[in-house]
Amino acid sequence: MAKICALIPARAGSKGVPGKNIYSLGGHPVLAYSIAVAKQCPEIERVIVSTDSEVYAQIATAYGAEVPFLRPKEFSKEFSMDRDVVIHFLDWCCENGSSEPEVIMYLRPTTPLRQPDKLSEALSIIGNGSRFTSLRSAHEISEPPQKMYKLGAEGVWEGFFPDDPRPEYFNLPRQMFPAAYHPNGYVDILKKSILRTGAEFYGDRIASYITPHAVEIDQPEDLEYLDYVISQRDGDHLVRHLNSHFKSNFG
């Protein structure tokens, strides 16, 4: 097994956005974008897709990924944890005579638009001897959580920080709060040494990697927006790569 491996989780059966991992985006399945960018990152030696679907496995293979197993249903449920997916993969390596990769780049298909040089840059942050236990990407959000409400009893808006002593702190200018960042699935980098020594996924020293705003697929409207973005980005490196190597007729 390679020292650095990309692992792409692609569960079938999403309820929020049915079939989102194989939705036709710019003529190619959403899943293909993560495979393509991983294969263009020179540090990544193998690209593995973990799926519970034969159909998804065939699609992933057609776009150049390896699918050496089907993920068991017990790790493919709606509330299955990412750690379960990765540990299943590591266990599979052990049980099938492959050494476990030291570093796993975890690429969620639901953040499809990435650039390979960004993945290489992230890997350089958490290289050999790094003091970090993992890396996680995020982008800055326009409003910090202090400006947000939760729905209280009887339909009353409540702040998330009731211990803040300032009256109506949620009405203060956003510049009075620290910048806030939303984890976006652009790239997560995990270490086998952390995963195998306890119940943690990221560990206690998560390296920050700030990316431009990344669109994640959480609802159908996100797919519509991504379709629009793709239509406006014919010169995008990843889109051009897919169009030049694969027929743009999926779906």
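Of the beta bridges in region 106-247, as assigned by DSSP with both residues counted there, near 65 percent are antiparallel. Can you work out the base-10 log of I(q)/I(0) for the chain at q = 0.10, 0.11, 0.17 1/Å, using the Debye formula on its C-alpha atoms alone? These q points yield log10 I(q)/I(0) values of -0.55, -0.65, -1.33.
Placing +1 on the Cβ of every Lys and Arg and -1 on the Cβ of every Asp and Glu, with nothing else charged, gives the chain a dipole about its Cα centre of roughly 520 debye.
For the chain, averaging the sequence separation of C-alpha pairs within contact (under 8 Å, six or more residues apart) and dividing by the residue count gives a relative contact order of 26 percent. Between amide H atoms placed 1.01 Å from N, distances below 5 Å from LEU25 occur with VAL30, all of them 5 or more places distant or on a separate chain.
In terms of packing, defined here as the mean over residues of other Cβ atoms within 10 angstrom, the peptides 18-26, 164-172 line up highest first as 18-26, 164-172. Size descriptor for region 76-155, Kirkwood hydrodynamic radius: 16.7 Å (Cα pairs only, one decimal). Near the amide H of TYR181, within less than 5 Å, lie the amide hydrogens of ILE141, all on another chain or at least 5 residues away, with H placed in the peptide plane.
No value in this document is a laboratory result; all are computed from the given coordinates. Because the structure is predicted, anything quoted here is derived from the model rather than measured. Cβ atoms come from the backbone with ideal geometry, glycine included; neighbour counts cover every protein chain shown.
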